[in-house]
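Working notes for the structure below.
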Amino acid sequence: PLSNRNIVINGAMEVDQRNGGSAVTSSPGGTLNFAADRNHFYNYGTGELTATLQRVADAPSGSGLYNSNKVTITTPESTGGTPGSDDRFSMQHRIEGRDANRLALGTSGAKAFVVSFYVKASIAGDYGLAITNDTGGRSYCMLYPATTSWSRVVLKVPGDTSGTYQAGTEYAFALKFGLYNGSNRVGADQGT
């Protein structure tokens with residue numbers, strides 16, 4: 001009965017211990033910030049992109065959800081919105097090894113899994129999701145569409161039979177949602 005349970009912790013954005021719903025500023029230069037707990041935002045590079053991050057009471061109607069992370073760009077790039085080649089801004093969620101163990105990643109019995117979420121963007125388009133494993137150098141990248149109204153995205157990820165994945169309290173893999181990436185930061189290299 002528990003075989004298909006969610007392994008993302010605080011995916012409903014219910015817990016915000018660090019900020020209590022208050023906005024946080026994310027500035028360029030390698031800063032790490034949190035909105036709702038477990039949701040890291042990375043703003044790397046030498047650009048000017050500054051954003052506010054906040055857990056807000058906004059969610060798709062009928063979803064059973066009540067909160068979401070809201071990212072508002074407060075200072076865009078002065079170069080017409082084009083990031084520097086190594087600049088990147090992403091939201092990441094790390095899955096601990098003990099939560100990912102049932103996927104048997106890195107073995108011949110690795111299981112496919114599904115990543116599903118709701119998204120709404122002020123600029124409609126295709127956005128990137130990279131699933132990365134820093135300890136084993138593995139990655140799987142895909143694009144998903146985002147519109148200006150809430151929509152549900154469901155992506156199937158094949159089970160990775162190669163690489164090494166942490167089994168304990170270290171993170172086994174990360175979901176990296178690329179929000180703003182320079183030309184050198186595509187695919188798996190969207191975040192850190």
Checklist (1) at pLDDT below 90; (2) within 23 Å of ARG94 (Cβ to Cβ); (3) outside any strand (DSSP E or B) applied to GLY47, failing item: (2)
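So which residues in segment 92-105 are of a type outside the set (A, V, I, L, M) and either open to solvent by 50 Å² or more (accessible area, probe 1.4 Å) or more than 20 Å from the chain's Cα centre (by Cα) (or both), if there are any at all? Spell out the reasoning first.
Residues of segment 92-105 of a type outside the set (A, V, I, L, M): 92-94, 96-99, 101-102.
Once the filter is applied, which keeps residues that are of a type outside the set (A, V, I, L, M) and either open to solvent by 50 Å² or more (accessible area, probe 1.4 Å) or more than 20 Å from the chain's Cα centre (by Cα) (or both), segment 92-105 yields ARG94, ARG98, ASN101, ARG102.
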When you scan segment 132-142, do you find a residue that is without any contact (Cβ under 8 Å) to a residue 40 or more places away in the chain and small (Gly, Ala, Ser), even just one? yes
Can you name the number of the only condition in (1) at negative phi; (2) outside any strand (DSSP E or B); (3) surrounded by 15 or more Cβ atoms within 10 Å (Cβ to Cβ) that MET13 fails? (1)
With modelled with pLDDT under 95 and either of a type outside the set (Phe, Trp, Tyr) or surrounded by 17 or more Cβ atoms within 10 Å (Cβ to Cβ) (or both) as the only criterion, which of SER108, SER149, SER139 stands out? SER139
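For ASP58, indicate whether it is modelled with pLDDT of 90 or more, open to solvent by less than 60 Å² (accessible area, probe 1.4 Å) and either among the charged types (D, E, K, R) or over 18 Å from ILE9 (Cβ atoms) (or both).
Details: modelled with pLDDT of 90 or more: yes; open to solvent by less than 60 Å² (accessible area, probe 1.4 Å): yes; either among the charged types (D, E, K, R) or over 18 Å from ILE9 (Cβ atoms) (or both): yes.
Taking the combined requirement at face value, the residue satisfies it.
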Apart from one, (1) in a strand (DSSP E or B); (2) open to solvent by 40 Å² or more (accessible area, probe 1.4 Å) all hold for PHE89; the odd one out is (2)
Is it the case that segment 70-78 has a residue that's more than 15 Å from the chain's Cα centre (by Cα) and more than 15 Å from LEU179 (Cβ to Cβ)? yes
So which residues in segment 30-46 are open to solvent by 60 Å² or more (accessible area, probe 1.4 Å) and of a type outside the set (S, T, N, Q)? LEU32, ARG38, TYR44
May I ask you to list pairs of residues, at least six apart or on different chains, whose Cβ atoms are under 6 Å apart, with the first in segment 80-101 being under 12 Å from GLY178 (Cα atoms) and the second being surrounded by 15 or more Cβ atoms within 10 Å (Cβ to Cβ) and of a type in the set (Gly, Ala, Ser)? ASP87/GLY45; ASP87/GLY47; ASP87/GLY182; SER90/GLY178; SER90/GLY191; GLN92/ALA174; GLN92/GLY191
In the list ALA121, ALA130, which residue meets the criterion of being part of a loop (DSSP other than H, G, I, E, B) and among the aliphatic types (A, V, I, L, M)? ALA121
Given (1) open to solvent by less than 70 Å² (accessible area, probe 1.4 Å); (2) not in a loop (DSSP other than H, G, I, E, B), number of the condition VAL154 does not satisfy: (1)
Just checking, which of TYR118, TYR171 is open to solvent by 20 Å² or more (accessible area, probe 1.4 Å), aromatic (Phe, Trp, Tyr), within 25 Å of THR50 (Cα to Cα) and under 17 Å from the mean Cα position of the chain (by Cα)? TYR118
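The values are calculated or read from the model by the stated rules, or taken from the named source; none is laboratory data. As the structure is a prediction and not an experimental result, all values here were calculated from the model. Here Cβ is always computed from backbone atoms with ideal geometry, including for glycine, and neighbour counts include all displayed protein chains. Surface areas here come from the heavy atoms of the whole protein model, side chains and all, with no ligands, DNA or RNA. Shrake-Rupley method; radii C 1.70, N 1.55, O 1.52, S 1.80 Å.
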